Amino acid sequence: VVALEPGSGELLWDAARDEGPGGPAAVAGNLVIFAEGRGAEAAISAVRLEDGEPAWTTTTRAPVLGGPAVHSDEVFVGTADGRVLSLAADGGTQRWEYRAPGRADISPAVDGETVFVAAEDLTSGVATVYALDAATGRERWRFSPSGPAIGVSSVSVRDGTAVVGMGDFLIHGLDAANGAERWRARARAPFTAWLVPVAGEPLVVGDGAGHLYGVDGDSGKLEWTFRVPGALVEASPIIVGSAAVVGDSGAQVSAIDLRTGLLVWKRTIGGAPVGAIASDGERLFVAVQ
């Protein structure tokens with residue numbers, strides 16, 4: 001885990017991390033929280049933001065593929081064996097556990113007092129969105145489309161609507177209070193757990209095959225569709241100003257106008273797949289694999 005000075009790229013600190021899958025790190029107060037390790041040795045760990053020194057480690061017994069979600073003094077993660085965990089941010093103590101059939105490879109979303117997660121049962125082909133009480137882990141509601149729907153995105157919440165792309169080739173807008181479907185928009189490919197719908201005007205959702213969709217968050221109307229050259233597998237688009245910016249497996253970074261869905265600019269970087277992109281409003285920080 002590496003911390004860089006944003007203006008110069010100077011290395012501030014680096015902290016050892018056990019090899020294994022893991023999504024992006026999250027910041028909780030003065031801690032950086034991340035997943036590490038494989039199999040039964042998988043864990044969630046925290047290091048100090050100022051110097052990278054270890055703070056705590058909690059074993060999860062199965063890998064955490066999505067990034068942790070931080071809300072108030074809690075950390076929420078999903079595991080490869082279908083568990084959703086709530087941990088205390090200050091010490092890593094487990095507060096509750098919820099078990100879903102299949103895998104919960106997603107990054108959870110938190111809105112108010114509710115945690116939203118999606119899980120996939122690879123045996124039955126069923127994909128399900130769950131709303132859980134953030135304090136207790138009690139299930140509030142669940143939503144599953146009829147028929148197989150493997151290929152689900154993470155969930156994001158905007159203005160009382162939980163948005164998720166699923167393997168039924170639909171983007172679903174669900175009432176965050178009760179799980180009722182408010183709208184649906186047609187997609188052209190399944191999604192992956194590393195793709196998170198991005199709140200904006202319109203919403204921006206990417207599928208695994210490299211399509212980006214601009215979706216009206218109130219009605220579900222599909223405003224535009226844009227296709228980048230490569231696939232979107234491990235990183236979501238971000239919104240910077242009036243554009244959605246995304247990297248793809250074809251080594252291209254693209255900026256798409258939010259209003260029109262037209263290309264603003266593109267650039268090939270490094271000749272290798274582009275992963276996560278972040279921005280401080282002036283610069284783009286691009287991870288090249």
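The values are calculated or read from the model by the stated rules, or taken from the named source; none is laboratory data. Just so it is clear, the model here is predicted, and its values are computed rather than measured. Cβ coordinates were reconstructed from backbone atoms using ideal geometry, including for glycine residues, and neighbour counts include every protein chain displayed. Ligands, DNA and RNA are excluded from the accessible area calculation, which covers all protein heavy atoms including side chains. Shrake-Rupley method; radii C 1.70, N 1.55, O 1.52, S 1.80 Å.
Number of residues in segment 44-77 that are more than 15 Å from Ala28 (Cβ to Cβ) and among the charged types (D, E, K, R): the value is 3.
For segment 33-148, the strands (runs of 3 or more DSSP E) that sit wholly inside it and include 3 or more residues that are under 24 Å from Met166 (Cβ atoms) and open to solvent by less than 50 Å² (accessible area, probe 1.4 Å) are 74-78, 83-88, 114-121, 126-133. Do we have any residue at all in segment 252-272 that's under 20 Å from the mean Cα position of the chain (by Cα) and open to solvent by 60 Å² or more (accessible area, probe 1.4 Å)? For segment 252-272, residues under 20 Å from the mean Cα position of the chain (by Cα) and open to solvent by 60 Å² or more (accessible area, probe 1.4 Å): absent. The residues listed here are Ala80, Ala62, Ala69, Ala100; of these, the one that is within 16 Å of Glu36 (Cα to Cα) and over 17 Å from the mean Cα position of the chain (by Cα) is Ala62.
Among residues of segment 37-65 that are farther than 23 Å from Trp13 by Cβ and free of Cβ contacts under 8 Å to residues at least 24 places away in the same chain, those with a beta-carbon under 7 Å from a residue that is exposed (fewer than 13 other Cβ atoms within 10 Å of the Cβ) and not charged (D, E, K, R) at least six positions away or on a different chain give the pairs Arg61/Ala40. Note on segment 149-161: among residues that are more than 18 Å from Thr192 (Cβ to Cβ) and either among the small types (Gly, Ala, Ser) or part of a loop (DSSP other than H, G, I, E, B) (or both), the one that is most open to solvent (accessible area, probe 1.4 Å) is Asp159. Among the residues here, Leu11 qualifies as open to solvent by 20 Å² or more (accessible area, probe 1.4 Å), over 20 Å from Val155 (Cβ atoms) and free of Cβ contacts under 8 Å to residues at least 12 places away in the same chain.
The set of residues in segment 156-170 that are hydrophobic (A, V, I, L, M, F, W, C) and over 15 Å from the mean Cα position of the chain (by Cα) comprises Phe169, Leu170. Scanning segment 273-287 for residues that are outside any strand (DSSP E or B) and surrounded by 15 or more Cβ atoms within 10 Å (Cβ to Cβ) turns up just one, Pro273.
Taking segment 165-251 and the strands (runs of 3 or more DSSP E) fully enclosed by it, the elements with 3 or more residues that are open to solvent by 10 Å² or more (accessible area, probe 1.4 Å) and free of Cβ contacts under 8 Å to residues at least 60 places away in the same chain are at 181-186, 222-227, 238-240.
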